[in-house]
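Working notes, structure below.
The values are calculated or read from the model by the stated rules, or taken from the named source; none is laboratory data. All values reported here derive from a predicted model rather than from experimental measurement. Please note: Cβ atoms are built from the backbone with ideal geometry, for glycine as well, and neighbour counts cover all protein chains shown. Note: areas computed on protein heavy atoms with side chains; ligands, DNA, RNA excluded. Shrake-Rupley method; radii C 1.70, N 1.55, O 1.52, S 1.80 Å.
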Amino acid sequence: MDRKCILVTGGAGYIGSHTAVELIAAGYDVVIVDNLSNSDPSAVEGVRRITGAEVPFVEADCCDDGAMERLFRSRRFDAVIHFAAAKAVGESVSEPLRYYRNNLLSLLGVAGQMERHGCDRIVFSSSCTVYGEADELPVTERTPRRPAASPYGNTKQICEDILRDATAARPALRAIALRYFNPIGAHPSGLIGELPRGVPQNLVPYVTQTAAGLRECLSVFGDDYPTPDGSCIRDYIDIVDLARAHVAAVRRLLEGAAAAPFEVFNIGTGRGVSVLELIRCFEQTNRLKLAWRIAPRRAGDITAIWADPSLARTELGWQAERSLADSLATAWQWQQRLGSGTK
Ligand code: UFG
């Protein structure tokens, strides 16, 4: 059989490593490129152990044109999934130039090599952050994008625009942007998961580190939002479900099934969950008590967002299958495996 080879940039990261596993399970060859700036080679080892595949790993920066040229010359890629990017919202506000340089140049570098080497299928890691605080919920792909609230969010919008314009200019090129909601959980094998550096900024790693005794107490940022219990609402999507959405997107591109040169899909569950609901579910699922307190609102947080994922269901044949409890169980299992190691 003619096996297709997928280049996964940022494949040592949280979403990239889980996606590599699902691609291999679906019969694709995978090459991972990652500069390890916010990831760990142990994730690549985890992918190899789960799949039993060799999984070539290239340590390189997607902004390094020379390294990308060598990589694309080394073998033919049928498609690219481009994850490699910096992703901390707060950090992007204090270091905007680094965020713009890194996130834009890495996409431009990869897309340039694709053009030079005749690779014309790309899946891009976008975010529901492009919707900002939407007027109507759930958000569909037709919900207007809002001016970005952070340089990070702006890089996601600009990268979507770059791909839209590039597909318009080059007829063979096809791109899909997946707008993720909030990815959580870990691989059920316990071999890969999220490895936050320093104090976690995101809710679930903070919850698991608090439960493990690494943090004293979780701060719930605000209980005076106009939601049923006063805390913010998000759409938490299991990491394995999210990874499988990428396989569905790659398949659509390689089968020539895309309805337009550039497509976007929401990747969420369709269910909004409040911070307090998530805490309760974590406690019940894992049979423990979490130390938490109400704290002031966090600057930049929106009140509520959740997806209408029906386009992904009808067009990609994908839908979320794992429950919030499933994800919170694997997240806790992963934290216990890490022990006091927080990387
Ligand atoms: N939260 C807390 N305490 C914490 C951390 C988070 O109460 O210690 C709350 C937040 O206020 C928010 C919810 O938990 O209501 C989720 O917060 P996260 O930081 O986990 O996720 P965000 O929704 O803020 O951000 C995520 C991604 C971003 C992306 C954004 C788009 O991390 O990359 O969604 O909305 F840009």
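Quick notes
- Residue within the range 78-85 that is touching a residue at least 60 places away in the same chain (Cβ under 8 Å), farther than 18 Å from R164 by Cα and away from the ligand (no atom under 15 Å from the Cβ) present: yes
- Taken together, the residues in the range 231-265 that are part of a loop (DSSP other than H, G, I, E, B), at pLDDT 95 or above and touching a strand residue (DSSP E or B) at 6+ places or on another chain (Cβ under 8 Å) amount to 4.
- Just so you know, in the range 48-68 the residues that are acidic (D, E) and in contact (Cβ under 8 Å) with a residue 24 or more places away in the chain include one that is least open to solvent (accessible area, probe 1.4 Å), and it is D61.
- The sole residue among G185, G132 that is within 16 Å of the ligand (Cβ to nearest atom) and in contact with a Leu (Cβ under 8 Å, 6 or more places away or on another chain) is G185.
- Subset of the range 296-319 [crowded, with 19+ Cβ neighbours inside 10 Å, away from the ligand (no atom under 16 Å from the Cβ) and either assigned to a helix (DSSP H, G or I) or small (G, A, S) (or both)]: A312, L316
- Among residues of the range 86-107 that are farther than 15 Å from K156 by Cβ and free of Cβ contacts under 8 Å to residues at least 40 places away in the same chain, those with a beta-carbon under 9 Å from a residue that is open to solvent by 30 Å² or more (accessible area, probe 1.4 Å) and charged (D, E, K, R) at least six positions away or on a different chain give the pairs R98/E91.
- Qualifying positions in the range 135-168 - of a type in the set (K, R), part of a helix (DSSP H, G or I) and within 16 Å of the ligand (Cβ to nearest atom): K156
- Among the residues of the range 271-295, the ones that are away from the ligand (no atom under 16 Å from the Cβ) and touching a residue at least 60 places away in the same chain (Cβ under 8 Å) come to 2 in all.
- D78 being more than 25 Å from A186 (Cα to Cα), at pLDDT 95 or above and open to solvent by less than 50 Å² (accessible area, probe 1.4 Å): yes
- Scan of the range 145-166 for residues that are touching a strand residue (DSSP E or B) at 6+ places or on another chain (Cβ under 6 Å) and open to solvent by 10 Å² or more (accessible area, probe 1.4 Å), ordered by number: K156, R164
- Across the range 94-114, the qualifying residues are those that are of a type in the set (D, E, K, R) and in a helix (DSSP H, G or I), and the one among them that is farthest from the ligand (Cβ to nearest atom) is R101.
- Pairs with Cβ under 7 Å, 6+ apart, first in the range 159-177 and touching a residue at least 40 places away in the same chain (Cβ under 8 Å) and closer than 14 Å to A258 by Cβ, second assigned to a helix (DSSP H, G or I) and aliphatic (A, V, I, L, M): L173/A166; R174/L253; A175/L163; I176/A249; I176/L253; A177/L163
- Tally of residues being of a type in the set (K, R) and buried (at least 18 other Cβ atoms within 10 Å of the Cβ) across the range 272-295: 0
- Helices (runs of 4 or more DSSP H) lying entirely in the range 1-93 (those with 2 or more residues that are under 16 Å from V123 (Cβ atoms)): 14-25
- Residue within the range 115-123 that is in a helix (DSSP H, G or I) and not hydroxyl-bearing (S, T, Y) present: yes
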